[in-house]
Amino acid sequence: MQISDRKGLQIEDLRYFVQATEYGSLTAAATAVGVAQSAFSRQLSRLESTLGGRLMHRTGRGVVLTELGRHVLPRAQALLADASALVEDTGGNGRRPAGIVNVGLLPSMARPMTGRLYARVREEFPDIQLRVIEVYSGQIEVMLSEGSIDVGTFNRYRPLRRESQDAVLSSPLCLIAAPGGPHGGKSSVRFSALAGLPLVMPIRPNSLRTLFEETASRRRIETNVVLEVSSATAMKDAVMSCGLYATLPAHAIQEELARGLLEHIPITHPAIRQTTFIDTTRRRPASAAVREVARLLTVLVKQLGMPG
């Protein structure tokens, strides 16, 4: 599809630029779209000429975005999504939702949510292709605002009124431990009891960690963070393998709970609740595919809070 404006900006040039950044190599990107690298490079050069500057540096190891390229990339992705949505939404009522949908999932629910979402989408909308990115709440909200993802989940831990999103899940924060520890079998544990425990926590910046440390500071509780990690999987592994403790909602350890590998004890005095929201990007109208994926994701996330 060749769509251009009066200045000669062509959708196909933008598509090549985005693909070059995704593959990190002109050779790999050209092969993926089935054109010669020389033709691929010419279209990129034409785009750079239209926009008035270099978008990427070509190196021996691939491509690196320039400052202009970093500025253009999210807008190019948004334009491509708009073009795809236009074709999809005007294709007739009988056409099934189709296209690529970029989904941001929180580390605490990426597993098993990725598999569950894929299975539902494949069953109901086989023409939709998912791209799942696992990142923390703050990054997901930035990506939604930039338009680099279409739909995402994110958490809040403070009382907050949200007008544009409805909460889909609210879960108490728990102390996560290996079975047989000093808190094992208890129905709850006071926040003050966490003092001195060897903790594994998310790397800063992270809203949960910020609130956790603020709460400890107000109560003059000294915390002992001995390990920082960037994923819930690594956090759970550290608890199981190293005898550390973590703070997560119970739904984040469903599989480990079922296998008896971890246990959870709700934290009280104060209790901290994790509230999960789902939203779509505001950078462009949501396509039929995005709306359906957001709907299925909402159903699946709500199921995490159901007993059994």
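The values are calculated or read from the model by the stated rules, or taken from the named source; none is laboratory data. If you're wondering where the values come from, they're calculated on a predicted model, not measured in any experiment. Because the Cβ atoms are built from the backbone with ideal geometry, glycine has one as well, and the counts that use them run over all protein chains shown. To get the accessible areas, we keep the full protein, side chains included, count just its heavy atoms, and leave off ligands, DNA and RNA. Shrake-Rupley method; radii C 1.70, N 1.55, O 1.52, S 1.80 Å.
Measure off, as a whole percent, the carbon and sulfur share of the 1.4 Å-probe accessible area of segment 170-209, all protein chains present. Numbers along the way, then the final one.
Numbers: 980 of 1670 Å².
The nonpolar share, carbon plus sulfur, comes to 58 percent.
From the phi of every residue in segment 11-26, what ³J(HN,Hα) in whole Hz does the Karplus formula 6.51 cos²θ - 1.76 cosθ + 1.60 yield, where θ is phi - 60° and glycine or proline is x?
For segment 11-26, the Karplus-derived couplings read 4, 4, 5, 4, 5, 5, 4, 4, 5, 4, 6, 5, 7, x, 7, 5 Hz, x marking Gly and Pro.
If R0 is 25 Å, what FRET efficiency do you get for ALA258 and SER170 from their C-beta distance, rounded to 0.05? Can you show the working numbers first?
Values: r = 22 Å, r/R0 = 0.88.
The value I calculate is 0.70.
What residue among THR275, THR298, THR50 has the largest mean-square fluctuation in a Gaussian network model of the chain, using Cα springs under 10 Å?
Looking only at THR275, THR298, THR50, the largest GNM fluctuation is found for THR50.
With N denoting the number of residues in the chain, provide Rg(C-alpha) divided by 2.2 N^0.38 Å, to two decimal places. Before the final figure, lay out the partial values.
Values: Rg = 22.8 Å, N = 308, 2.2 N^0.38 = 19.4 Å.
Relative to the rule-of-thumb radius for its length, the chain sits at 1.17.
With labels modelled as points extended 7 Å from the Cα through the Cβ direction, what inter-label distance (nm, one decimal) is found for SER241 paired with GLU222?
3.0
What accessible area per residue comes out for the chain, rounded to a whole number of Å², with a 1.4 Å probe?
Values: 15740 Å² over 308 residues.
Dividing the accessible area of the chain by its residue count gives 51 Å².
State, to one decimal in nm, how far the label point of ILE100 lies from the label point of THR210, with both points 7 Å from Cα in the Cβ direction.
The modelled label-to-label distance comes out at 3.1 nm.
Would you please give the FRET efficiency between ALA36 and VAL299, computed as 1/(1 + (r/R0)^6) with r the Cβ-Cβ distance and R0 = 51 Å, to the nearest 0.05? Intermediate results must be reported in sequence, preceding the final value.
Numbers: r = 45 Å, r/R0 = 0.89.
That gives a FRET efficiency of 0.65.
Ordered by residue, what ³J(HN,Hα) values in Hz, to whole numbers, does segment 141-151 give under the Karplus form 6.51 cos²θ - 1.76 cosθ + 1.60, where θ = phi - 60° and Gly and Pro are x?
Using θ = phi - 60°, the values come out as 5, 5, 5, 5, 5, 7, x, 7, 10, 8, 8 Hz.
Share of antiparallel DSSP beta bridges in segment 130-283, in percent to the nearest 5?
70
For Cα pairs less than 8 Å apart in space and 6+ apart in sequence, what is the mean separation divided by the residue count of the chain, i.e. the relative contact order in percent?
Details: 489 pairs, mean separation 66.6, N = 308.
Over the chain, the number comes to 22 percent.
Given an 8 Å cut-off on Cα distances and at least 6 residues of separation, report the relative contact order of segment 186-308 as a percent. Don't skip to the end; give the middle numbers.
On the way: 104 pairs, mean separation 36.4, N = 123.
Relative CO of segment 186-308 lands at 30 percent.
Label-point separation (nm) for ARG70 and HIS183, each offset 7 Å from Cα along Cα-to-Cβ?
The two pseudo-label positions are separated by 3.9 nm.
Springs between alpha-carbon atoms under 10 Å, Gaussian network over the chain: tell me which of ARG283, ARG58, ARG295 tops the mean-square fluctuations.
Result: ARG58 has the largest fluctuation of those listed.
Label 7 Å along Cα→Cβ of ALA83; segment 276-295 residues with amide nitrogen under 20 Å?
283-290
Check each of the GluC sites (Glu not before Pro) in segment 162-227 and keep only those in coil by DSSP with at most 11 other C-beta atoms within 10 angstrom; list them in order. Mind showing how you got there, number by number?
Values: sites: GLU163, GLU213, GLU214, GLU222; in loops: GLU163, GLU222.
Within segment 162-227, the qualifying GluC sites (Glu not before Pro) (loop, at most 11 other Cβ atoms within 10 Å) are GLU163, GLU222.
How big is D for segment 167-287, in µm² s⁻¹ as a whole number, if Stokes-Einstein is applied with the Kirkwood radius of its Cα pairs at 10 °C and 1.306 mPa s? Write down the numbers at each step before the final one.
Values: Rh = 15.2 Å.
After rounding, the answer is 104 µm²/s.
Search the structure for amide H atoms under 5 Å from the amide H of LEU65, placed 1.01 Å from N in the peptide plane, and list their residues when 5 or more places away or on another chain.
Correct list: HIS57.
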